[in-house]
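*Asks:* Let me give you the structure first, and then I'll get to my questions.
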Amino acid sequence: MSPGPNFDIPQEESESAGSSFPPTFSLSTIKNKQRRHLMFMKLKQEKRKQKLELRKKRKKERDALGDKAPPKDVPKTIENQRVYDETTVDPEDEEVAFDEGTDEFSAYFNKLTNPKVLITTSDRPRGRTVRFCEQLATVIPNAHVYYRRGLALKRIIPQCVSRNFTYLMVINEDRKVPNGMVLCHLPDGPTAHFKVSSVRLRKEMKRRGKDPTEHHPEVILNNFSTRLGHSIGRMFAALFPHDPHFVGRQVATFHNQRDFIFFRFHRYIFKNEKRVGIQELGPRFTLKLRSLQKGTFDSKFGEYEWVHKRHEMDSSRRKFHL
């Protein structure tokens, strides 16, 4: 019977195997895959222990110093290292206030119009897309779902205007999964095209709450800081009625992070004076802005205010547009 394979382990490795980490040699010198993986996992575990011990040591020092403790270091993240954008909005800017008073959404914010939304799909939608549209209609008050039936959007828009709809929302799909959203503000635009991803319907969510009620939800818009982001935020806000019903305790949140817009729908409850519990109602999904077009939908002759050009605009991870 032949003996098992004899692996030539470097002398440095054999000496370091029982000694303290990190080893004094490079893991790439270990030719055996299993031993290399084992040494790597040990090294990773040792680094984690050292990091935890250092954190505990710093906490003890801060507790000992009390009020004299130095301020905590702010960790570097992509968000706080963001490249400055010249179009960042100052809430007290008079020019921004004037533009908001005369833009397409001014009638809504002046309470001259009430939102009325038509939700439709691409031609021949599958069951998942239909259920997604139906659940969106329970989130957005005064929303109506109609099936497309082969009609072109240019024919649907005049019918929506004549019936006093303020929004047309089209959910597109690919391979039976919702993958796009066209949001057209009526009657004068603008029109935004989003990529849709990470759709989770209510049945697919764990520990979700009961179905939403008919109360008007509160709306939270986070991190829409540039002129473009401000326009997109106003477009989302104009989907919902002016005065929320606080009795319903329902909140629709559009959270922008690194140009991805995360939508969540929650119900909250006050446990006591300091604690609040929340439960997600669903659905949840993520949006990525692809283009913003002036006026209503026109794929051939429309004038675009902004178009996402991936190879040009995504050259820096610290550059955001919303």
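The values are calculated or read from the model by the stated rules, or taken from the named source; none is laboratory data. Bear in mind that the values here come from a model prediction, so they are computed numbers and not experimental data. Heads up, the Cβs are rebuilt from the backbone with ideal geometry, glycines too, and the neighbour counts pull from every protein chain shown. To get the accessible areas, we keep the full protein, side chains included, count just its heavy atoms, and leave off ligands, DNA and RNA. Shrake-Rupley method; radii C 1.70, N 1.55, O 1.52, S 1.80 Å.
*Asks:* Among DSSP beta bridges whose residues both lie in the chain, state the antiparallel percentage, nearest 5.
*Replies:* 75 percent
*Asks:* So how tilted is helix 33-65 from the main axis of the chain? Cα-based, degrees 0 to 90, rounded to 10.
*Replies:* 80 degrees
*Asks:* Ignoring ligands, DNA and RNA, what percent of the 1.4 Å accessible area of the chain is carbon and sulfur?
*Replies:* 51 percent
*Asks:* What nm distance separates the two modelled labels at R290 and I278, each placed 7 Å from Cα along Cα→Cβ?
*Replies:* My value for the distance between the label points is 2.9 nm.
*Asks:* Can you tell me the orientation of helix 127-139 relative to the chain, as the angle in degrees between its alpha-carbon axis and the longest Cα principal axis, to the nearest 10?
*Replies:* So the inclination is approximately 70 degrees.
*Asks:* Among K300, K49, K76, which one shows the biggest mean-square fluctuation in a GNM of the chain, springs joining Cα atoms closer than 10 Å?
*Replies:* K49
*Asks:* Where is the GNM fluctuation largest for the chain (alpha-carbon springs, 10 angstrom cutoff): K31, K274, K288?
*Replies:* K31
*Asks:* For E46 and T87, calculate 0.36 nm times their separation in residues minus their Cα-Cα distance, and state this gained length in nm to one decimal.
*Replies:* Gain on extension, E46 to T87, equals 10.1 nm.
*Asks:* If the cut-off is 20 Å between C-alpha atoms, which aspartates and glutamates fall inside it for K49, apart from same-chain ones fewer than 8 positions away?
*Replies:* Answer for K49, where 20 Å is the Cα cut-off: E61, listed by chain and number.
*Asks:* Would you mind computing, in nm to one decimal, how far apart the modelled labels at Y146 and S315 are, each placed 7 Å from Cα along Cα→Cβ?
*Replies:* Going from the Y146 label point to the S315 one covers 4.6 nm.
*Asks:* May I pose another question? Can you give the longest stretch of the chain with no exposed loop site, where a site means GluC sites (Glu not before Pro) in a DSSP loop (not H, G, I, E or B) with at most 14 other C-beta atoms within 10 Å?
*Replies:* 93-213
*Asks:* What are the aspartates and glutamates whose alpha-carbon lies under 20 Å from the alpha-carbon of K57, with same-chain residues fewer than 8 places away excluded?
*Replies:* Here the aspartates and glutamates satisfying the reach criterion relative to K57 are E46, D67, D73.
*Asks:* May I pose another question? At 0.36 nm per residue, minus the direct Cα-Cα distance, what do R128 and L54 gain on full extension? Give it in nm, one decimal, please.
*Replies:* 21.7 nm
*Asks:* Would you mind checking K76/K319; K288/K309; K195/K309; K176/K203; K154/K294; K59/K271 for any pair whose Cα atoms are more than 20 angstrom apart?
*Replies:* K59/K271
*Asks:* Next question. Among all the aspartates and glutamates, which ones have a C-alpha under 13 Å from K206's C-alpha, if same-chain residues fewer than 8 places away are not counted?
*Replies:* E280
*Asks:* I need the Kirkwood Rh of the stretch 80-314: take the reciprocal of the average 1/r across all distinct C-alpha pairs and report it in angstrom.
*Replies:* One over the average 1/r among Cα pairs gives 18.8 Å for the stretch 80-314.
*Asks:* At 7 Å along the Cα-to-beta-carbon direction for both S28 and H245, put a label point, then send me their distance in nm to one decimal.
*Replies:* The two pseudo-label positions are separated by 6.5 nm.
*Asks:* Rounded to whole Å and sorted largest first, list the principal axis extents of the Cα atoms in the stretch 29-68.
*Replies:* Result, largest extent first: 53, 13, 7 Å.
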